[in-house]
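Visitor: Take a look at this one; I'll ask things after.
The values are calculated or read from the model by the stated rules, or taken from the named source; none is laboratory data. As the structure is a computational prediction, the values presented were derived from the model and not from experiment. A quick note on method: Cβ atoms are made from the backbone with ideal geometry, for glycine too, and the neighbour counts reach across all protein chains shown.
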Amino acid sequence: MQALSARPLEDTEVRIAVRAAGLNFPDLLMTRGGYQFRPDPPFVPGVEAAGDILEVGPGVTRFAKGDRVIAPVRMGAFAEQAVALEDALFHLPDCFSYEEGASWFVSATTAWHALNDKGQIKPGETLLVLGASGGVGMAAVQLGVHKGARVIGLASTQAKADAIRAAGAEAAFLNDQPDLIEAVKTATQGRGVDVVYDPVGGPLAMAATRMIGWNGRFLIVGFASGDIPNFPANHALIKGYSIMGLRAGEAVRRDPDLGRRTHEALSLLAQQGVMRPHISHRFSLAEANKAFEAMEKREIIGRAVILP
Ligand SMILES: NC(=O)c1ccc[n+]([C@@H]2O[C@H](COP(=O)([O-])OP(=O)(O)OC[C@H]3O[C@@H](n4cnc5c(N)ncnc54)[C@H](OP(=O)(O)O)[C@@H]3O)[C@@H](O)[C@H]2O)c1
């Protein structure tokens, strides 16, 4: 993906008038050179957008000028126009606004890959989501509920806990409540949770290993706390739980068949409005730096969008 420019489109590229772009934690990391993908500065950040197609390359068959689309890109979404590959695009469902469409793909893909491919969560199982009011966290809450799991979320403030319950979680607890481990165990009738979904890391992740039940699955999604936990292997052995790392984007890049199936599943979920994003903040393109500040201060619930 390239930042906006009037360069001619390649065969299967489309040019999009960006109506909204979603802010993701990796955007923040990328601006600091702290993400796996390190573009040379100066560059235009932003990995997902929604908008209207302005122009299509000669080989594009599934989209036409004027279509409303969700556009995942490698960077360059915080702009008035962006260029994306046809294969990556989704039609923006009628049930989503541009803002919602722009905040959907990264979270939905991450939650889907984690809970479907890795954790293989089943109806009736319990799911504990750390950082559950964040972008990928709230998508996991919503997908867990959609898949019939009983969902418990963790958050740093009461307002975030309320948002997690509103997203469908059966319970939401505060990270710093003194009886947190007991509260989660009580909510699972003493058994512990079946699946932990962790985009946070640090001491909270270590505490979550004490909330997991026999034969559980611990999904390592990210380290928003900046602290990478060292899990004790003996503890995983004693409780018989699996620790699984995941990279949703890399998984579909490496396995085209998985990529196809994921795209089909996500298209269906988008049409059904599953994982409808909660948007707490809106910024103009000129104020994009304030969006990054709000993310750093943990003020955002769900997603923030940037509006060109
Ligand atoms: N593995 C993958 O495929 C994949 C894909 C996308 C994203 N990720 C990763 O997932 C993580 C979350 O991404 P996101 O876009 O959902 O971010 P986000 O919307 O900012 O959510 C992160 C959540 O983490 C919690 N948190 C705890 N300590 C924090 C700290 N020191 N700074 C900021 N947040 C903190 C916050 O909730 P509280 O305030 O309630 O604690 C916040 O809501 C990132 O590490 C990202 O790189 C992984």
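Visitor: Taking segment 186-204, which residues are surrounded by 22 or more Cβ atoms within 10 Å (Cβ to Cβ) and under 18 Å from the mean Cα position of the chain (by Cα)?
Guide: If the condition is that a residue be surrounded by 22 or more Cβ atoms within 10 Å (Cβ to Cβ) and under 18 Å from the mean Cα position of the chain (by Cα), then Val195, Val196, Tyr197, Asp198, Pro199, Val200 are the ones that fit.
Visitor: Which of (1) assigned to a loop (DSSP other than H, G, I, E, B); (2) β-branched (Val, Ile, Thr); (3) modelled with pLDDT under 95 does Ile228 not meet, given it meets every other one?
Guide: Of the numbered conditions (1) assigned to a loop (DSSP other than H, G, I, E, B); (2) β-branched (Val, Ile, Thr); (3) modelled with pLDDT under 95, the odd one out for Ile228 is (3).
Visitor: Go through segment 84-111 and give me each residue that's of a type outside the set (Ser, Thr, Tyr), under 10 Å from Val136 (Cα atoms) and in contact with a helix residue (DSSP H, G or I) (Cβ under 6 Å, 6 or more places away or on another chain).
Guide: Answer for segment 84-111, where residues must be of a type outside the set (Ser, Thr, Tyr), under 10 Å from Val136 (Cα atoms) and in contact with a helix residue (DSSP H, G or I) (Cβ under 6 Å, 6 or more places away or on another chain): Ala108, Ala111.
Visitor: Could you figure out which of (1) under 21 Å from Phe283 (Cβ atoms); (2) in contact with a strand residue (DSSP E or B) (Cβ under 6 Å, 6 or more places away or on another chain); (3) small (Gly, Ala, Ser) isn't true of Ser97?
Guide: Of everything listed in (1) under 21 Å from Phe283 (Cβ atoms); (2) in contact with a strand residue (DSSP E or B) (Cβ under 6 Å, 6 or more places away or on another chain); (3) small (Gly, Ala, Ser), Ser97 misses just condition (2).
Visitor: Mind counting the residues in segment 120-169 that are closer than 19 Å to Thr188 by Cα, charged (D, E, K, R) and in contact with a Gly (Cβ under 9 Å, 6 or more places away or on another chain)?
Guide: Within segment 120-169, residues that are closer than 19 Å to Thr188 by Cα, charged (D, E, K, R) and in contact with a Gly (Cβ under 9 Å, 6 or more places away or on another chain) number 4.
Visitor: I'd like to check something: does segment 46-57 contain any residue that is under 11 Å from Glu86 (Cα atoms), at pLDDT 95 or above and either surrounded by fewer than 19 Cβ atoms within 10 Å (Cβ to Cβ) or among the hydroxyl-bearing types (Ser, Thr, Tyr) (or both)?
Guide: There is at least one residue in segment 46-57 that is under 11 Å from Glu86 (Cα atoms), at pLDDT 95 or above and either surrounded by fewer than 19 Cβ atoms within 10 Å (Cβ to Cβ) or among the hydroxyl-bearing types (Ser, Thr, Tyr) (or both).
Visitor: Quick check on segment 242-267: of everything there that is more than 13 Å from the ligand (Cβ to nearest atom) and closer than 18 Å to Ala140 by Cβ, which residue is nearest to the chain's Cα centre (by Cα)?
Guide: Top of the filtered list is Leu266.
Visitor: Tell me, yes or no, whether segment 151-162 has at least one residue that is without any contact (Cβ under 8 Å) to a residue 12 or more places away in the chain, out of contact with any Ser or Thr (no Cβ under 7 Å at 6 or more places or on another chain) and surrounded by fewer than 24 Cβ atoms within 10 Å (Cβ to Cβ).
Guide: So far as segment 151-162 goes, yes, one or more of its residues are without any contact (Cβ under 8 Å) to a residue 12 or more places away in the chain, out of contact with any Ser or Thr (no Cβ under 7 Å at 6 or more places or on another chain) and surrounded by fewer than 24 Cβ atoms within 10 Å (Cβ to Cβ).
Visitor: Any chance you could count how many residues in segment 231-262 are under 24 Å from Ala88 (Cβ atoms) and part of a helix (DSSP H, G or I)?
Guide: 14
Visitor: Being away from the ligand (no atom under 14 Å from the Cβ), buried (at least 16 other Cβ atoms within 10 Å of the Cβ) and either modelled with pLDDT of 95 or more or not aromatic (Phe, Trp, Tyr) (or both) is the requirement here; does Ala270 meet it?
Guide: So Ala270 fits the description; yes.
Visitor: Please state which one of Met275, Met295 is within 14 Å of the ligand (Cβ to nearest atom), out of contact with any Ser or Thr (no Cβ under 6 Å at 6 or more places or on another chain) and at pLDDT below 95.
Guide: Just a single option satisfies the conditions, and that option is Met275.
Visitor: Could you tell me how many of the residues in segment 134-145 are more than 11 Å from the chain's Cα centre (by Cα) and under 14 Å from Ser225 (Cβ atoms)?
Guide: The number of residues fulfilling the criteria is 0.
Visitor: Still on this model: Which one of these does Asn215 not meet: (1) surrounded by fewer than 19 Cβ atoms within 10 Å (Cβ to Cβ); (2) of a type outside the set (D, E, K, R); (3) within 28 Å of Leu174 (Cβ to Cβ); (4) touching a strand residue (DSSP E or B) at 6+ places or on another chain (Cβ under 7 Å)?
Guide: Asn215 satisfies all of (1) surrounded by fewer than 19 Cβ atoms within 10 Å (Cβ to Cβ); (2) of a type outside the set (D, E, K, R); (3) within 28 Å of Leu174 (Cβ to Cβ); (4) touching a strand residue (DSSP E or B) at 6+ places or on another chain (Cβ under 7 Å) except (4).
Visitor: Considering only residues of segment 15-33 that are more than 9 Å from the ligand (Cβ to nearest atom) and part of a helix (DSSP H, G or I), which is farthest from Ala84 (Cα to Cα)?
Guide: That would be Thr31.
Visitor: Please give the number of the condition Glu48 fails out of (1) touching a helix residue (DSSP H, G or I) at 6+ places or on another chain (Cβ under 6 Å); (2) more than 14 Å from the ligand (Cβ to nearest atom).
Guide: The one condition Glu48 does not meet is (2).
Visitor: Going through segment 85-142 one residue at a time, which ones are touching a Pro at 6+ places or on another chain (Cβ under 8 Å), hydrophobic (A, V, I, L, M, F, W, C), near the ligand (Cβ under 10 Å from one of its atoms) and part of a loop (DSSP other than H, G, I, E, B)?
Guide: Hit for segment 85-142 is Leu130, nothing else.
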